[in-house]
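The values are calculated or read from the model by the stated rules, or taken from the named source; none is laboratory data. Computed from a prediction, not measured in an experiment: that's the story for all the values here. Backbone-built Cβ (ideal geometry, glycine too); neighbour counts: all protein chains shown.
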Amino acid sequence: MGKNIISQARGHGGPAYRVRKKAYQYRIGYPMQDGPAKIIDLIHSAAHSAPLMKVSINNETFYNPAFNGAIVGQEISIGKNVQEGSIITLKQIPLTTKIYNIERNPGDGGKMIRTAGSSAAVFKKHPYNKISVLMPNKKEIILSGDCRASIGRIAGSGRILKPFITAGRKFYKMKARNKLWPRTSAVKMNAIDHPFGSGRGKRIKPKIAKRNAPAGNRVGHIRPRRTGRRK
């Protein structure tokens, strides 16, 4: 019998390609109530590149990426004051303010700018309750003014400055988030692992997949609609 190639095996979701559930035990989101809140803990999460802060408001607790300079016991505001760490709507935030964990749609709990050390900025205010946000890649996106965001820059900006030193550390870090590592060239694989594998003297096979190939087998170039000179 044959064997599924790596992309097919990962898509099937066997035990070797399944992420640890414990790594994703902390869900980032925003509370549905406003008022003063308190940071009760700072948490390391294997599934997130930035440290998370556990915040309590009344009888509700939620998790949010920690801003640069956050400390346990610090009080932040939700829905009112414009200060570092506050969570308010985009229409209340002054221009050029650094923000992170921005909602794509009002009430979704934040979907954008959640990487360690990253931040965006409020750029323009448009009619009909629309706000332009300048992303880190200098692209401008327009969102509803009712979308919420956190004020400040996410902590952990020096994450990429510390090298892994050993391949073992990199292996366990990638495994914690179910990332495919190390990435191996297809022609260097065995024939059983990839359509381009083996080669027997590096005779590289055609890199155009069949048109009716399944998703896991569509590797290389996509087959063209037609070939030859157009007459």
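General observations
- Look at segment 9-20: where a residue is within 14 Å of ALA215 (Cβ to Cβ) and a partner is not polar (S, T, N, Q), sitting 6+ places away or on another chain with Cβ atoms under 8 Å, you get ALA9/ALA16; ALA9/TYR17; ARG10/TYR17; ARG10/LEU180; GLY11/ALA215; GLY11/GLY216.
- Boolean, ILE160 is modelled with pLDDT of 95 or more and either not hydroxyl-bearing (Ser, Thr, Tyr) or not in a loop (DSSP other than H, G, I, E, B) (or both): no
- Enumeration of residues in segment 21-48 that are free of Cβ contacts under 8 Å to residues at least 60 places away in the same chain, closer than 23 Å to ALA70 by Cα and in a helix (DSSP H, G or I): TYR24
- The listed residue being aliphatic (A, V, I, L, M), in the same structural domain as GLY109 (by TED's automatic domain parsing) and modelled with pLDDT of 95 or more, out of ALA47, ALA66: ALA66
- Where a residue in segment 152-176 is surrounded by 12 or more Cβ atoms within 10 Å (Cβ to Cβ) and its partner, wherever it lies, is part of a helix (DSSP H, G or I) and among the small types (Gly, Ala, Ser), with Cβ under 8 Å and at least six apart: ALA176/ALA23
- Test: residue in segment 109-132 that is surrounded by fewer than 12 Cβ atoms within 10 Å (Cβ to Cβ) and under 21 Å from the mean Cα position of the chain (by Cα): no
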